[in-house]
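Data first, discussion second: the structure below is written as structure tokens.
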Amino acid sequence: MSPGGLTERFDIAVRGWRWVLVTILLPALTQGCGAPEAGYLFRYGHSQPAQAPRSQSMVFFERELEQRTDGRISVENYFSATLGSEREMMDMVATGVLQGTRGGLFADANPKFVLFMVPFLVGDWDQALRLVNSDLARRINAGARRNGFHIPATGISQGFRAHTNSIRPIKNPGDLAGLKMRVPPQEIYVLTARALGASPHEMPASELYSALKTGVLDGQDNPPSNIWDYKLFEVQAFMTVSNYATGPDPFIVDLNWYESLPADLRMTFDQVAEETIALSDKLNRESEEKYIARLAREMELIHLRPEEIQSFRRLTEPVARDFIARGVFTADEVNEAREIAGRPAAPFHE
């Protein structure tokens, strides 16, 4: 059998055992933990490695929630995609196998979260923080209840995204033309990549390194923290910083589990979750420039000037209009978000 065939069979076996672990063994081993007399178990998973700011914030969450509830809620954290891809973990929360996650599938909770990913909606951390802590964000959080999720807080998803590739430096939209670029499995990133002339390919983050190393893909875009933590600099030559987009980081919780908690535990859970998201944002903001400096030692770094960014901005304007036309969010919501961020522009109209 060829090495490729052995690798494929190994990957299938790993996925099969992971499915058994998550769907059968974990619930069976902890089946009494949801009962009031035994306390409440909060199982949580995401794809970032243990050293990532998101993971560090969840270590804080575990310690603080267990202490403040005197052990009435216990927390189990699973990092580095141990329990599966972001898609798989989001489905586990939807079915109650997991109680919480954070990651890129937040549109399952409320499609309006896509609003936060509109290209060039915000341009810096202060603007992004004003938006995710606004009444507009709280209304979007509350809308997730209709789909079976509780969102106690939403932060910023690891900072602003940067493009990397191994073909050529990206200094204008024309440099993206024809590049096979990985995008997260979210439609807005697909449309944005197409608007900029790239060929987008949806792929889980856990599969990205291999695809870049083997040349299946030319490049990708991610926050600098992910580019470093996933060691993508080892298989990429160029990185372009444009601050073209960030995204939301909702703390996604199984609503049925949350509503099973007594009122006092719900209040404590929400307080700790809000502090956790605030800590995550703080860690990401503090580390972003450090990550960029590290990456500059590994790849050729291109910082786009404001006048260079304008051509990217013009090409991506139809992306928001597409979602407005389909009713995902409204022109009024885009305008409200811009006003909250302090980034006025020509208003969108229906």
Residue by residue through segment 139-144, the couplings from Karplus 6.51 cos²θ - 1.76 cosθ + 1.60 with θ = phi - 60°, in Hz, x for Gly and Pro, are 5, 5, 4, 5, x, 5
For the chain, find the longest principal axis of its Cα atoms and tell me its angle to the long axis of helix 331-341, 0 to 90°, nearest 10. 90
Calculated FRET value between ARG138 and ALA331, using beta carbons and R₀ = 25 Å, to 0.05: 0.75
What's the angle, to the nearest 10 degrees (0 to 90), between helix 53-68's Cα axis and the longest principal axis of the chain? 20
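What do the square roots of 5 times the Cα gyration tensor eigenvalues come to for segment 75-121, in whole Å, largest first, as semi-axes of the equivalent ellipsoid? Could the numbers behind the result be given before it?
Working: eigenvalues 107, 29, 15 Å².
Those come to 23, 12, 9 Å.
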Which of (1) 21, 41, 27, 10, 1, 0; (2) 30, 58, 13, 0; (3) 31, 62, 7 is the computed P(r) over Cα pairs in 20 Å bins from 0, in percent? It is (2)
When only alpha-carbon atoms are used, what values of Rg and Dmax, in angstrom, describe segment 190-341? 19.1, 54
Once neighbouring chains are kept in place and the probe is 1.4 Å, which whole percent of the accessible area of the chain is contributed by carbon and sulfur? 54
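Within 10 Å of each candidate Cβ there may be at most 15 other Cβ atoms; applying that plus a DSSP loop requirement, which trypsin sites (Lys or Arg not before Pro) in segment 183-267 survive? It would help to have the intermediate numbers written out before the result.
Details: sites: ARG194, LYS213, LYS231, ARG266; in loops: LYS231.
Those that pass, being in a loop and sparsely packed, are LYS231.
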Show the residues, 5+ positions off or on another chain, whose built amide H is closer than 5 Å to the amide H of VAL241. ILE302, HIS303, LEU304
Using alpha carbons only, how many degrees (0 to 90, rounded to 10) separate the axis of helix 3-20 from the longest principal axis of the chain? 40
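Could you report the chain's accessible area per residue, 1.4 Å probe, as an integer in Å²? Display every interim value, and only then the final one.
On the way: 15270 Å² over 350 residues.
Spelled out: the 1.4 Å probe surface of the chain, per residue, equals 44 Å².
What number comes out for the charge environment of LYS290, summing +1 per Lys or Arg and -1 per Asp or Glu over other residues with Cβ under 13 Å away? Don't jump to the answer; show the numbers that get you there.
Values: positive: ARG285, ARG294, ARG297; negative: ASP229, GLU286, GLU288, GLU289.
Net local charge, LYS290 excluded: -1.
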The answer for PHE149, listing residues at least 5 apart or on another chain whose modeled amide H is closer than 5 Å to its amide H, is LEU255
If the only charges are +1 at each Lys and Arg Cβ and -1 at each Asp and Glu Cβ, what is the size of the charge dipole of the chain around the Cα centre, to the nearest 20 debye? 580
Among the lysines, select those whose C-alpha is under 28 Å from the C-alpha of LYS171, and discard any that sit fewer than 8 residues away in the same chain. LYS180, LYS213, LYS231, LYS290
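Between ARG313 and GLU298, what length comes free when the chain is fully extended (0.36 nm per residue of separation minus the Cα-Cα distance, one decimal in nm)? Walk me through the numbers on the way to the answer.
Details: separation 15, 0.36 × 15 = 5.40 nm, distance 2.79 nm.
Between ARG313 and GLU298, full extension yields an extra 2.6 nm.
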What whole number of Å gives the distance from the Cα centroid of segment 184-220 to the Cα centroid of segment 40-100? 27
By what distance, in whole Å, do the Cα atoms of segment 279-350 stretch along each of the three principal axes, largest value first? 46, 33, 22
With θ taken as phi - 60° and the coefficients 6.51, -1.76 and 1.60, list the Karplus ³J(HN,Hα) couplings across segment 244-259 in order, rounded to whole Hz; mark glycine and proline as x. 6, 6, 10, x, x, 10, x, 8, 9, 10, 4, 4, 4, 5, 4, 6
To check you understand DSSP bridge types, tell me what percent of the beta bridges within the chain (both residues inside) are antiparallel, rounded to 5. 45
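The values are calculated or read from the model by the stated rules, or taken from the named source; none is laboratory data. Predicted, not measured: the structure shown is a model, and the values here were computed from it. Backbone-built Cβ (ideal geometry, glycine too); neighbour counts: all protein chains shown. When the accessible area is computed, the model is the full protein with side chains, heavy atoms only, and any ligands, DNA or RNA have been set aside. Shrake-Rupley method; radii C 1.70, N 1.55, O 1.52, S 1.80 Å.
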